[in-house]
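In what follows, a single structure is set out as C-alpha coordinates and then discussed.
The values are calculated or read from the model by the stated rules, or taken from the named source; none is laboratory data. Quick caveat, the model's predicted, so the values are computed rather than measured. Here the Cβ is made from the backbone with ideal geometry for all residues, glycine too, and neighbour counts use every protein chain on show.
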Amino acid sequence: MSQEVYLTTPIYYVNDVPHIGHAYCTLATDTLVRYWRKKIGKENVFFLTGTDENSQKTVDAAKASGKDIPEYLDEMAGIWKSTWDQIGVSYDDFIRTTEKRHWGVVNEVFKKIHGKGDIYKDTYVGKYCTGCEAFIKDSELDEHGYCPHHKRPPQLLEEENYFFRLSKYQDELIKWYKNQPEQLMPDSRRNEVMSFIKSGLEDVSISRETAEFGIPLPIDPKHKVYVWFDALINYYSALQGTKYEHFWESAQHIIGKDIIRFHCVIWPAMLMSAGIELPKNVFAHGFFTIDGVKMSKSLGNVISPLELSEKYGNDALRVGLLSSFEFGNDGDFSLAHFDDFYRTKLSGGVGNLFNRVITLFHKLWDGKKPYIEKSQKSGEGWEERFSQALEKKRVKEALDVFFEMVDACNRHINDVQPWKLDPPDARASMNKLLTMLVTLTDMAEVILPESVVKMRKMLGDDEKVGDAEILFERK
Ligand code: MSP
(Lines give C-alpha, C1' and ligand atoms only; values in the text may rest on other atoms or scores of the structure.)
Protein backbone atom coordinates (compact mmCIF):
# COMPACT_ATOMS: atom_id res chain seq x y z
CA MET A 1 0.00 0.00 0.00
CA SER A 2 1.23 3.48 -0.73
CA GLN A 3 2.27 5.73 2.11
CA GLU A 4 -0.49 7.83 3.66
CA VAL A 5 -0.43 10.77 6.04
CA TYR A 6 -3.33 12.03 8.18
CA LEU A 7 -2.56 15.28 9.99
CA THR A 8 -4.77 17.03 12.51
CA THR A 9 -4.74 20.31 14.44
CA PRO A 10 -6.44 20.64 17.82
CA ILE A 11 -10.08 21.60 17.46
CA TYR A 12 -10.44 25.12 18.79
CA TYR A 13 -12.82 26.46 21.39
CA VAL A 14 -15.39 28.82 19.93
CA ASN A 15 -15.74 31.14 22.91
CA ASP A 16 -13.44 33.56 21.12
CA VAL A 17 -12.06 34.34 17.67
CA PRO A 18 -8.72 32.97 16.36
CA HIS A 19 -5.48 34.69 17.35
CA ILE A 20 -1.99 34.16 15.97
CA GLY A 21 -1.29 31.39 18.53
CA HIS A 22 -4.01 29.31 16.93
CA ALA A 23 -2.88 30.37 13.46
CA TYR A 24 0.67 29.30 14.32
CA CYS A 25 -0.42 25.73 15.02
CA THR A 26 -2.78 25.60 12.04
CA LEU A 27 -0.30 27.06 9.55
CA ALA A 28 2.48 24.76 10.73
CA THR A 29 0.21 21.77 10.18
CA ASP A 30 -0.87 23.14 6.80
CA THR A 31 2.77 23.50 5.78
CA LEU A 32 3.51 19.87 6.69
CA VAL A 33 0.38 18.84 4.81
CA ARG A 34 1.54 20.71 1.70
CA TYR A 35 4.93 19.02 1.92
CA TRP A 36 3.38 15.56 2.06
CA ARG A 37 0.87 16.30 -0.71
CA LYS A 38 3.76 17.28 -2.95
CA LYS A 39 5.78 14.24 -2.00
CA ILE A 40 3.21 11.42 -1.97
CA GLY A 41 0.24 12.91 -3.85
CA LYS A 42 -2.82 14.80 -2.73
CA GLU A 43 -4.97 11.66 -2.56
CA ASN A 44 -2.65 10.13 0.06
CA VAL A 45 -2.91 12.99 2.52
CA PHE A 46 -5.82 14.06 4.72
CA PHE A 47 -5.92 17.23 6.78
CA LEU A 48 -8.49 17.78 9.54
CA THR A 49 -9.23 20.83 11.64
CA GLY A 50 -12.39 22.05 13.35
CA THR A 51 -14.09 23.47 16.42
CA ASP A 52 -14.66 22.20 19.96
CA GLU A 53 -18.17 23.31 20.81
CA ASN A 54 -19.69 21.24 23.63
CA SER A 55 -18.09 23.19 26.40
CA GLN A 56 -19.22 25.31 29.32
CA LYS A 57 -17.08 28.15 27.96
CA THR A 58 -19.26 28.18 24.88
CA VAL A 59 -22.44 28.36 26.94
CA ASP A 60 -21.01 31.24 28.98
CA ALA A 61 -19.90 33.09 25.86
CA ALA A 62 -23.26 32.57 24.14
CA LYS A 63 -25.06 33.96 27.20
CA ALA A 64 -22.73 36.94 27.34
CA SER A 65 -23.43 37.70 23.67
CA GLY A 66 -27.20 37.52 24.23
CA LYS A 67 -27.58 34.89 21.49
CA ASP A 68 -29.05 31.44 21.81
CA ILE A 69 -26.52 28.63 21.79
CA PRO A 70 -27.04 27.17 18.26
CA GLU A 71 -27.03 30.62 16.68
CA TYR A 72 -23.87 31.56 18.56
CA LEU A 73 -22.17 28.28 17.60
CA ASP A 74 -22.97 28.65 13.91
CA GLU A 75 -21.69 32.19 13.89
CA MET A 76 -18.44 31.37 15.71
CA ALA A 77 -17.69 28.16 13.80
CA GLY A 78 -18.24 30.24 10.64
CA ILE A 79 -15.65 32.77 11.84
CA TRP A 80 -13.04 30.06 12.51
CA LYS A 81 -13.65 28.40 9.18
CA SER A 82 -13.56 31.61 7.18
CA THR A 83 -10.42 32.78 8.99
CA TRP A 84 -8.64 29.59 7.92
CA ASP A 85 -10.00 30.03 4.39
CA GLN A 86 -8.78 33.61 4.26
CA ILE A 87 -5.26 32.81 5.42
CA GLY A 88 -4.88 29.89 3.02
CA VAL A 89 -5.35 26.81 5.24
CA SER A 90 -6.02 23.88 2.91
CA TYR A 91 -7.95 21.56 5.25
CA ASP A 92 -9.77 18.57 3.73
CA ASP A 93 -12.43 18.50 6.40
CA PHE A 94 -13.62 20.83 9.15
CA ILE A 95 -15.35 19.04 12.00
CA ARG A 96 -17.68 20.61 14.54
CA THR A 97 -18.29 18.59 17.67
CA THR A 98 -21.96 19.58 17.63
CA GLU A 99 -22.43 17.65 14.38
CA LYS A 100 -24.53 14.47 14.37
CA ARG A 101 -21.74 12.45 12.72
CA HIS A 102 -19.53 13.18 15.72
CA TRP A 103 -22.13 12.48 18.41
CA GLY A 104 -22.85 9.07 16.90
CA VAL A 105 -19.21 8.01 17.03
CA VAL A 106 -18.74 9.39 20.57
CA ASN A 107 -21.65 7.14 21.61
CA GLU A 108 -20.06 4.12 19.93
CA VAL A 109 -16.65 4.70 21.49
CA PHE A 110 -18.20 5.32 24.88
CA LYS A 111 -20.13 2.05 24.65
CA LYS A 112 -16.97 0.12 23.75
CA ILE A 113 -15.13 1.53 26.77
CA HIS A 114 -18.13 0.85 28.99
CA GLY A 115 -18.39 -2.68 27.60
CA LYS A 116 -14.81 -3.25 28.63
CA GLY A 117 -15.74 -2.48 32.24
CA ASP A 118 -13.65 0.70 32.27
CA ILE A 119 -16.40 3.09 33.40
CA TYR A 120 -17.82 3.39 36.89
CA LYS A 121 -19.83 5.90 38.91
CA ASP A 122 -18.58 7.79 41.93
CA THR A 123 -18.89 11.11 43.66
CA TYR A 124 -16.39 13.72 42.65
CA VAL A 125 -15.33 16.37 45.07
CA GLY A 126 -12.82 18.73 43.59
CA LYS A 127 -11.98 21.98 41.89
CA TYR A 128 -12.85 22.69 38.27
CA CYS A 129 -11.46 25.43 36.03
CA THR A 130 -13.83 26.33 33.17
CA GLY A 131 -10.94 28.01 31.35
CA CYS A 132 -9.05 24.71 31.17
CA GLU A 133 -12.26 22.68 31.10
CA ALA A 134 -10.50 20.42 33.58
CA PHE A 135 -10.36 19.42 37.21
CA ILE A 136 -7.38 20.88 38.90
CA LYS A 137 -5.43 19.56 41.90
CA ASP A 138 -4.65 21.73 44.94
CA SER A 139 -0.95 21.22 44.26
CA GLU A 140 -1.39 22.80 40.82
CA LEU A 141 -3.00 26.05 42.05
CA ASP A 142 -0.94 29.24 42.36
CA GLU A 143 -0.19 31.09 45.59
CA HIS A 144 -3.66 32.73 45.58
CA GLY A 145 -5.39 29.40 45.09
CA TYR A 146 -6.10 30.33 41.44
CA CYS A 147 -5.68 28.34 38.23
CA PRO A 148 -2.13 29.25 37.12
CA HIS A 149 -3.21 29.52 33.44
CA HIS A 150 -6.43 31.47 33.79
CA LYS A 151 -5.64 33.42 36.97
CA ARG A 152 -9.12 32.71 38.30
CA PRO A 153 -10.31 30.72 41.32
CA PRO A 154 -11.61 27.30 40.28
CA GLN A 155 -15.16 26.22 41.10
CA LEU A 156 -15.63 23.81 43.99
CA LEU A 157 -17.68 20.87 42.74
CA GLU A 158 -19.30 17.93 44.40
CA GLU A 159 -21.26 15.86 41.94
CA GLU A 160 -21.95 12.35 40.74
CA ASN A 161 -19.57 11.57 37.91
CA TYR A 162 -18.74 8.62 35.76
CA PHE A 163 -15.05 7.77 35.79
CA PHE A 164 -12.74 6.19 33.26
CA ARG A 165 -10.25 3.66 34.68
CA LEU A 166 -7.18 5.48 33.42
CA SER A 167 -5.05 3.95 36.19
CA LYS A 168 -5.58 0.51 34.65
CA TYR A 169 -3.62 1.59 31.54
CA GLN A 170 -0.53 2.91 33.29
CA ASP A 171 1.72 -0.07 32.52
CA GLU A 172 0.40 -0.50 29.00
CA LEU A 173 1.10 3.16 28.27
CA ILE A 174 4.65 2.95 29.61
CA LYS A 175 5.30 -0.12 27.50
CA TRP A 176 3.83 1.49 24.45
CA TYR A 177 5.98 4.64 24.75
CA LYS A 178 9.08 2.54 25.44
CA ASN A 179 8.53 0.47 22.33
CA GLN A 180 7.87 3.47 20.12
CA PRO A 181 10.26 6.27 21.02
CA GLU A 182 9.25 8.20 17.87
CA GLN A 183 5.62 8.28 18.94
CA LEU A 184 5.83 11.53 20.85
CA MET A 185 7.97 14.44 19.74
CA PRO A 186 10.05 16.38 20.64
CA ASP A 187 12.02 14.17 23.08
CA SER A 188 11.68 16.64 25.96
CA ARG A 189 7.90 16.25 25.82
CA ARG A 190 8.20 12.50 25.73
CA ASN A 191 10.26 12.53 28.91
CA GLU A 192 7.73 14.83 30.57
CA VAL A 193 4.85 12.49 29.69
CA MET A 194 6.76 9.39 30.76
CA SER A 195 7.54 10.79 34.18
CA PHE A 196 3.93 11.93 34.57
CA ILE A 197 2.68 8.41 33.81
CA LYS A 198 5.27 6.81 36.07
CA SER A 199 4.31 9.11 38.94
CA GLY A 200 0.98 7.24 39.05
CA LEU A 201 -2.21 7.73 37.06
CA GLU A 202 -5.55 8.45 38.69
CA ASP A 203 -8.90 7.62 37.13
CA VAL A 204 -10.52 10.58 35.40
CA SER A 205 -14.04 11.91 35.46
CA ILE A 206 -15.64 11.69 32.03
CA SER A 207 -19.11 13.04 32.68
CA ARG A 208 -20.57 16.21 34.12
CA GLU A 209 -23.82 16.15 36.00
CA THR A 210 -24.28 19.91 36.00
CA ALA A 211 -23.15 20.71 32.44
CA GLU A 212 -25.81 22.69 30.59
CA PHE A 213 -24.79 21.64 27.12
CA GLY A 214 -23.12 18.68 25.46
CA ILE A 215 -23.56 15.07 24.43
CA PRO A 216 -25.88 13.10 26.74
CA LEU A 217 -24.11 10.14 28.31
CA PRO A 218 -25.43 7.02 26.54
CA ILE A 219 -25.87 5.06 29.79
CA ASP A 220 -27.31 7.93 31.84
CA PRO A 221 -28.62 10.85 29.76
CA LYS A 222 -29.00 13.18 32.76
CA HIS A 223 -25.23 13.48 32.53
CA LYS A 224 -23.25 15.04 29.71
CA VAL A 225 -20.07 13.58 28.27
CA TYR A 226 -17.10 15.54 29.62
CA VAL A 227 -15.95 17.95 26.89
CA TRP A 228 -12.40 16.57 26.57
CA PHE A 229 -13.59 12.97 26.30
CA ASP A 230 -15.88 14.06 23.46
CA ALA A 231 -13.36 16.40 21.81
CA LEU A 232 -10.50 13.91 21.51
CA ILE A 233 -12.75 11.55 19.60
CA ASN A 234 -13.11 14.14 16.79
CA TYR A 235 -9.91 12.90 15.14
CA TYR A 236 -11.48 9.48 14.75
CA SER A 237 -15.12 10.42 14.22
CA ALA A 238 -14.38 12.70 11.26
CA LEU A 239 -13.28 9.69 9.21
CA GLN A 240 -15.93 7.18 10.26
CA GLY A 241 -18.49 6.27 7.66
CA THR A 242 -16.53 8.05 4.93
CA LYS A 243 -14.23 6.78 2.21
CA TYR A 244 -11.35 8.20 4.24
CA GLU A 245 -11.69 5.74 7.18
CA HIS A 246 -8.42 4.03 6.30
CA PHE A 247 -6.51 7.25 7.05
CA TRP A 248 -6.93 6.52 10.76
CA GLU A 249 -3.94 4.15 10.61
CA SER A 250 -1.74 7.11 9.63
CA ALA A 251 -2.94 9.65 12.20
CA GLN A 252 -0.51 12.31 13.43
CA HIS A 253 -1.71 14.97 15.85
CA ILE A 254 -0.13 18.41 16.00
CA ILE A 255 -0.94 20.11 19.30
CA GLY A 256 0.31 22.78 21.67
CA LYS A 257 2.24 21.74 24.76
CA ASP A 258 -0.67 22.86 26.98
CA ILE A 259 -2.84 19.92 25.97
CA ILE A 260 -0.23 17.18 26.01
CA ARG A 261 -1.65 15.14 28.91
CA PHE A 262 -5.03 14.87 27.23
CA HIS A 263 -3.46 13.73 23.97
CA CYS A 264 -0.63 11.58 25.26
CA VAL A 265 -2.13 9.97 28.35
CA ILE A 266 -5.93 10.01 28.29
CA TRP A 267 -6.45 9.67 24.53
CA PRO A 268 -4.21 6.62 23.96
CA ALA A 269 -5.70 4.95 27.06
CA MET A 270 -9.24 5.58 25.74
CA LEU A 271 -8.25 4.00 22.44
CA MET A 272 -6.57 1.04 24.15
CA SER A 273 -9.75 0.46 26.12
CA ALA A 274 -11.99 0.80 23.04
CA GLY A 275 -9.73 -1.53 21.04
CA ILE A 276 -8.97 1.12 18.41
CA GLU A 277 -5.55 1.56 16.86
CA LEU A 278 -3.45 4.34 18.38
CA PRO A 279 -2.22 7.41 16.47
CA LYS A 280 1.20 7.14 14.85
CA ASN A 281 2.60 10.32 16.23
CA VAL A 282 1.91 13.35 18.40
CA PHE A 283 4.00 16.48 18.03
CA ALA A 284 3.68 19.15 20.72
CA HIS A 285 4.86 22.63 19.82
CA GLY A 286 5.68 25.44 22.22
CA PHE A 287 3.92 28.67 23.04
CA PHE A 288 4.92 32.14 22.12
CA THR A 289 4.81 35.36 23.98
CA ILE A 290 4.38 38.80 22.40
CA ASP A 291 7.36 41.03 23.15
CA GLY A 292 8.14 38.76 26.09
CA VAL A 293 4.62 38.88 27.54
CA LYS A 294 1.91 36.20 27.48
CA MET A 295 -0.77 37.01 24.90
CA SER A 296 -4.01 37.83 26.68
CA LYS A 297 -7.17 39.81 26.20
CA SER A 298 -6.79 41.62 29.49
CA LEU A 299 -3.36 42.88 28.47
CA GLY A 300 -4.74 43.94 25.09
CA ASN A 301 -1.85 42.36 23.19
CA VAL A 302 -3.81 39.76 21.21
CA ILE A 303 -2.92 39.82 17.51
CA SER A 304 -5.33 38.65 14.86
CA PRO A 305 -3.91 36.62 11.97
CA LEU A 306 -6.25 38.53 9.64
CA GLU A 307 -4.65 41.85 10.62
CA LEU A 308 -1.20 40.59 9.59
CA SER A 309 -2.49 38.87 6.48
CA GLU A 310 -4.27 42.02 5.30
CA LYS A 311 -1.15 44.13 5.69
CA TYR A 312 1.59 41.70 4.62
CA GLY A 313 -0.21 38.87 2.78
CA ASN A 314 -0.79 35.21 3.65
CA ASP A 315 2.65 33.93 2.74
CA ALA A 316 4.32 36.50 4.95
CA LEU A 317 1.99 35.62 7.82
CA ARG A 318 2.87 31.94 7.43
CA VAL A 319 6.63 32.16 7.16
CA GLY A 320 6.87 35.11 9.53
CA LEU A 321 5.16 33.13 12.29
CA LEU A 322 6.84 29.82 11.56
CA SER A 323 10.34 31.20 11.38
CA SER A 324 10.10 33.06 14.70
CA PHE A 325 11.45 30.00 16.60
CA GLU A 326 11.87 26.26 16.10
CA PHE A 327 8.66 24.24 16.04
CA GLY A 328 8.62 22.44 19.38
CA ASN A 329 10.32 25.19 21.41
CA ASP A 330 8.84 28.20 23.16
CA GLY A 331 9.67 31.57 21.69
CA ASP A 332 8.76 35.18 21.24
CA PHE A 333 6.97 37.10 18.53
CA SER A 334 7.14 40.82 17.97
CA LEU A 335 5.57 43.01 15.34
CA ALA A 336 8.84 44.90 14.91
CA HIS A 337 10.70 41.67 14.26
CA PHE A 338 7.97 40.50 11.88
CA ASP A 339 8.17 43.74 9.92
CA ASP A 340 11.94 43.46 9.75
CA PHE A 341 11.67 39.85 8.58
CA TYR A 342 9.26 40.96 5.84
CA ARG A 343 11.58 43.70 4.61
CA THR A 344 14.85 41.77 4.73
CA LYS A 345 13.90 38.16 3.99
CA LEU A 346 10.81 38.46 1.82
CA SER A 347 10.78 41.77 0.00
CA GLY A 348 14.54 42.36 0.04
CA GLY A 349 15.46 38.66 -0.10
CA VAL A 350 13.22 36.36 -2.17
CA GLY A 351 11.37 39.13 -4.00
CA ASN A 352 14.51 40.97 -4.93
CA LEU A 353 16.28 37.80 -6.07
CA PHE A 354 13.55 36.68 -8.47
CA ASN A 355 13.16 40.17 -9.81
CA ARG A 356 16.89 40.66 -10.40
CA VAL A 357 17.48 37.32 -12.11
CA ILE A 358 14.50 37.57 -14.44
CA THR A 359 15.31 41.20 -15.29
CA LEU A 360 18.90 40.18 -16.08
CA PHE A 361 17.70 37.49 -18.49
CA HIS A 362 15.68 40.09 -20.33
CA LYS A 363 18.56 42.56 -20.36
CA LEU A 364 21.26 40.13 -21.44
CA TRP A 365 19.46 37.72 -23.79
CA ASP A 366 16.03 39.11 -24.37
CA GLY A 367 14.60 36.61 -21.88
CA LYS A 368 16.00 33.54 -23.65
CA LYS A 369 17.00 30.69 -21.32
CA PRO A 370 20.11 28.56 -21.39
CA TYR A 371 19.49 24.85 -21.76
CA ILE A 372 18.80 23.20 -18.38
CA GLU A 373 18.69 19.43 -17.91
CA LYS A 374 15.25 18.63 -16.47
CA SER A 375 16.77 16.47 -13.72
CA GLN A 376 19.50 18.95 -12.91
CA LYS A 377 19.69 19.72 -9.22
CA SER A 378 21.08 22.84 -7.66
CA GLY A 379 23.84 20.95 -5.81
CA GLU A 380 24.90 21.43 -2.20
CA GLY A 381 22.00 19.30 -0.92
CA TRP A 382 19.49 22.12 -0.35
CA GLU A 383 16.47 20.04 -1.40
CA GLU A 384 17.51 17.11 0.81
CA ARG A 385 18.01 19.32 3.85
CA PHE A 386 14.66 21.00 3.24
CA SER A 387 12.83 17.65 2.95
CA GLN A 388 14.60 16.02 5.88
CA ALA A 389 13.72 18.95 8.12
CA LEU A 390 10.02 18.76 7.20
CA GLU A 391 9.90 15.00 7.63
CA LYS A 392 11.09 15.54 11.19
CA LYS A 393 8.59 18.40 11.56
CA ARG A 394 11.43 20.87 12.00
CA VAL A 395 9.51 23.61 10.23
CA LYS A 396 11.78 26.53 11.04
CA GLU A 397 14.84 24.56 9.95
CA ALA A 398 13.21 24.01 6.55
CA LEU A 399 12.47 27.73 6.24
CA ASP A 400 16.06 28.50 7.22
CA VAL A 401 17.33 26.28 4.40
CA PHE A 402 15.12 28.17 1.94
CA PHE A 403 16.32 31.59 3.11
CA GLU A 404 19.94 30.44 3.25
CA MET A 405 19.62 29.47 -0.38
CA VAL A 406 18.05 32.82 -1.27
CA ASP A 407 20.95 34.59 0.44
CA ALA A 408 23.47 32.39 -1.39
CA CYS A 409 21.90 33.35 -4.74
CA ASN A 410 21.86 37.05 -3.93
CA ARG A 411 25.50 36.82 -2.81
CA HIS A 412 26.39 35.03 -6.05
CA ILE A 413 24.89 37.89 -8.09
CA ASN A 414 26.71 40.53 -6.04
CA ASP A 415 30.06 38.72 -6.09
CA VAL A 416 30.07 37.44 -9.68
CA GLN A 417 28.17 40.27 -11.37
CA PRO A 418 27.20 38.11 -14.37
CA TRP A 419 26.55 41.15 -16.59
CA LYS A 420 30.26 41.96 -16.48
CA LEU A 421 31.38 38.47 -17.57
CA ASP A 422 32.22 37.09 -21.02
CA PRO A 423 29.14 35.57 -22.67
CA PRO A 424 30.00 31.87 -21.92
CA ASP A 425 30.79 32.63 -18.27
CA ALA A 426 27.73 34.80 -17.96
CA ARG A 427 25.65 31.93 -19.39
CA ALA A 428 27.12 29.48 -16.87
CA SER A 429 26.51 31.82 -13.97
CA MET A 430 22.95 32.60 -15.00
CA ASN A 431 22.32 28.91 -15.64
CA LYS A 432 23.33 28.16 -12.08
CA LEU A 433 21.06 30.90 -10.76
CA LEU A 434 18.11 29.72 -12.79
CA THR A 435 18.57 26.16 -11.55
CA MET A 436 18.55 27.48 -7.99
CA LEU A 437 15.41 29.50 -8.68
CA VAL A 438 13.71 26.32 -9.91
CA THR A 439 14.59 24.58 -6.62
CA LEU A 440 13.44 27.58 -4.58
CA THR A 441 10.15 27.56 -6.47
CA ASP A 442 9.65 23.87 -5.66
CA MET A 443 10.20 24.64 -1.99
CA ALA A 444 7.90 27.66 -2.25
CA GLU A 445 5.07 25.34 -3.26
CA VAL A 446 5.21 24.14 0.35
CA ILE A 447 6.02 27.32 2.26
CA LEU A 448 4.85 30.20 0.03
CA PRO A 449 1.75 28.71 -1.62
CA GLU A 450 0.44 32.04 -2.94
CA SER A 451 3.67 33.57 -4.22
CA VAL A 452 4.60 30.35 -5.97
CA VAL A 453 2.07 31.11 -8.70
CA LYS A 454 3.93 34.31 -9.65
CA MET A 455 7.29 32.55 -9.26
CA ARG A 456 6.29 29.87 -11.76
CA LYS A 457 5.09 32.54 -14.19
CA MET A 458 8.43 34.31 -13.84
CA LEU A 459 10.34 31.12 -14.57
CA GLY A 460 8.49 31.01 -17.89
CA ASP A 461 8.52 28.10 -20.34
CA ASP A 462 11.29 25.94 -21.87
CA GLU A 463 12.46 28.77 -24.10
CA LYS A 464 12.10 32.01 -22.23
CA VAL A 465 11.62 33.43 -18.77
CA GLY A 466 8.38 35.32 -18.05
CA ASP A 467 8.01 38.96 -17.05
CA ALA A 468 9.62 40.18 -13.86
CA GLU A 469 7.03 40.78 -11.17
CA ILE A 470 6.98 42.12 -7.61
CA LEU A 471 6.56 39.20 -5.17
CA PHE A 472 6.47 41.17 -1.94
CA GLU A 473 5.53 44.86 -2.19
CA ARG A 474 7.68 47.20 -0.14
CA LYS A 475 5.80 48.36 2.98
N1 MSP B 1 -10.36 22.70 22.46
C2 MSP B 1 -9.10 22.37 23.00
C3 MSP B 1 -8.38 21.35 22.12
C4 MSP B 1 -9.14 20.07 21.88
S5 MSP B 1 -8.28 19.02 20.78
C6 MSP B 1 -9.11 17.59 20.89
C7 MSP B 1 -8.24 23.62 23.11
N8 MSP B 1 -8.57 24.63 22.30
S9 MSP B 1 -7.91 26.09 22.24
O10 MSP B 1 -8.76 26.91 21.41
O11 MSP B 1 -7.62 26.55 23.55
O12 MSP B 1 -6.61 25.96 21.36
C13 MSP B 1 -5.58 25.21 21.70
C14 MSP B 1 -4.38 25.30 20.80
O15 MSP B 1 -4.12 26.61 20.29
C16 MSP B 1 -3.16 24.99 21.62
O17 MSP B 1 -2.95 23.65 21.85
C18 MSP B 1 -2.09 25.55 20.77
O19 MSP B 1 -1.88 24.65 19.72
C20 MSP B 1 -2.72 26.81 20.20
N21 MSP B 1 -2.30 28.02 20.94
C22 MSP B 1 -3.09 28.82 21.72
N23 MSP B 1 -2.32 29.86 22.18
C24 MSP B 1 -1.05 29.76 21.73
C25 MSP B 1 0.14 30.53 21.85
N26 MSP B 1 0.23 31.65 22.55
N27 MSP B 1 1.26 30.06 21.20
C28 MSP B 1 1.23 28.92 20.43
N29 MSP B 1 0.12 28.20 20.32
C30 MSP B 1 -1.03 28.56 20.96
O31 MSP B 1 -7.32 23.61 23.89
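Of the strands (runs of 3 or more DSSP E) entirely within the stretch 207-297, those holding at least 2 residues that are within 12 Å of the ligand (Cβ to nearest atom) occupy 251-256, 281-285, 288-290. Do you know which residues across the stretch 131-170 are under 28 Å from the mean Cα position of the chain (by Cα) and within 19 Å of P216 (Cα to Cα)? Those that are under 28 Å from the mean Cα position of the chain (by Cα) and within 19 Å of P216 (Cα to Cα): E133, A134. Summed over the stretch 35-55, residues that are at negative phi and surrounded by fewer than 21 Cβ atoms within 10 Å (Cβ to Cβ) total 7. Taking (1) more than 30 Å from L317 (Cβ to Cβ); (2) crowded, with 17+ Cβ neighbours inside 10 Å; (3) in contact with an Asp or Glu (Cβ under 6 Å, 6 or more places away or on another chain) in turn, N161 satisfies each apart from (3).
Residues checked against (1) aliphatic (A, V, I, L, M); (2) closer than 22 Å to E383 by Cα; (3) assigned to a helix (DSSP H, G or I); (4) not assigned by TED's automatic domain parsing to the domain that holds R34:
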residue: D425; (1), (2), (3), (4): no, no, yes, yes
residue: V438; (1), (2), (3), (4): yes, yes, yes, yes
residue: V446; (1), (2), (3), (4): yes, yes, yes, yes
residue: P449; (1), (2), (3), (4): no, yes, no, yes
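Search the stretch 31-64 for residues being under 23 Å from D85 (Cβ atoms) and small (G, A, S), and hand back the single one that is nearest to the chain's Cα centre (by Cα). In this case the residue turns out to be G50. Within the stretch 309-363, restricting attention to residues that are of a type in the set (K, R) and surrounded by fewer than 20 Cβ atoms within 10 Å (Cβ to Cβ), the residue that is farthest from the chain's Cα centre (by Cα) is K363. The residue of the stretch 1-17 that is farthest from the ligand (Cβ to nearest atom), among those that are under 27 Å from S304 (Cβ atoms) and touching a strand residue (DSSP E or B) at 6+ places or on another chain (Cβ under 7 Å), is L7.
Being surrounded by 20 or more Cβ atoms within 10 Å (Cβ to Cβ) and either without any contact (Cβ under 8 Å) to a residue 60 or more places away in the chain or among the hydroxyl-bearing types (S, T, Y) (or both) is true of S273. In this structure, is S195 touching a residue at least 12 places away in the same chain (Cβ under 8 Å), assigned by TED's automatic domain parsing to the domain that holds N54 and farther than 17 Å from K116 by Cβ? So S195 does not fit the description; no. Does V282 satisfy the condition of being surrounded by fewer than 18 Cβ atoms within 10 Å (Cβ to Cβ) and of a type outside the set (G, A, S)? It is false that V282 is surrounded by fewer than 18 Cβ atoms within 10 Å (Cβ to Cβ) and of a type outside the set (G, A, S). Being surrounded by fewer than 22 Cβ atoms within 10 Å (Cβ to Cβ), in contact with a Lys or Arg (Cβ under 9 Å, 6 or more places away or on another chain) and charged (D, E, K, R) is the filter here; which residues of the stretch 1-33 pass it? Correct list: D16 only.
The condition of being among the charged types (D, E, K, R) and farther than 21 Å from A251 by Cα holds for only one of K294, K280, that being K294. Do you know which of the residues in the stretch 113-133 that are assigned to a strand (DSSP E or B) and exposed (fewer than 12 other Cβ atoms within 10 Å of the Cβ) is farthest from the ligand (Cβ to nearest atom)? Looking at residues that are assigned to a strand (DSSP E or B) and exposed (fewer than 12 other Cβ atoms within 10 Å of the Cβ), I get T123. Looking for something β-branched (V, I, T) and out of contact with any helix residue (DSSP H, G or I) (no Cβ under 6 Å at 6 or more places or on another chain) - is there at least one such residue anywhere in the stretch 206-218? The answer is yes; a qualifying residue exists.
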